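The values are calculated or read from the model by the stated rules, or taken from the named source; none is laboratory data. These numbers were taken from a predicted model, which means no experiment stands behind them. Methodologically, a virtual Cβ is constructed for each residue, glycine included, from the backbone with ideal geometry; neighbour enumeration extends over all protein chains shown.
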Amino acid sequence: MANTDQLMRNRTKAIRLIGVANELLAMARELEIGESISQIQQALIGNSNDQDVQNSPVTARDHPVWGELARQTYDDRRRRAKIFRSEDLFGEPAWDILLDLFVAAKERRRLSVTSACIGAAVPSTTALRWIAILEKKGLLVREADPGDARRVYVKLSAHGYGAMLEYFSSASRSVVLLDEQSVQPMVVR
């Protein structure tokens, strides 16, 4: 009986430790994403002056609405296949993977390779091939799960995140401009 109690206490402690470790990983991920964005900004601007980076057009490119636009884009792709009753007509697994990873980055979530394969809506072998291609192109990176050797996570690289920012900043100019105009204070005369 005492052995069972000790086993349960150890298990409870292990679960708490795993929770703390996951929180630390999430915090490290936030710092890493922040550093990646800073690196992208400095590389695109070619200037390490913090004031210039904060006032640059590159900083304005990362807008909170783009996570939602990426999610809508992904959902639109799934809806199209559902309405036309064919998964084969609209296949673009690399784009689906990039959208899924961008949404995950915006939500500060980790995405396993298995989840990325499911999100690509193609057979696993096809999705794995596209993940390898995107990794070779420097758009994503894989990370081993320190708590489970069987799991591997995938995330956008700094270059991949920057490319997605570039895409949404150029594709969504009017949405962001409308949003910024609605925030500007009104001047009463």
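Out of the residues in the stretch 119-156 that are modelled with pLDDT of 95 or more and in a loop (DSSP other than H, G, I, E, B), which is nearest to Leu69 (Cα to Cα)?
Selected residue: Leu139.
Of all residues being among the small types (Gly, Ala, Ser), in a loop (DSSP other than H, G, I, E, B) and modelled with pLDDT of 75 or more in the stretch 48-96, which is surrounded by the most Cβ atoms within 10 Å (Cβ to Cβ)? Just the residue, please.
First, the residues of the stretch 48-96 that are among the small types (Gly, Ala, Ser): 48, 56, 60, 67, 70, 81, 86, 91, 94.
When the remaining residues are screened for being in a loop (DSSP other than H, G, I, E, B), the result is 48, 56, 86, 91.
Those still in the list that are modelled with pLDDT of 75 or more too: 86, 91.
On the way: Ser86: 11, Gly91: 16.
Once the filter is applied, the top-ranked residue is Gly91.
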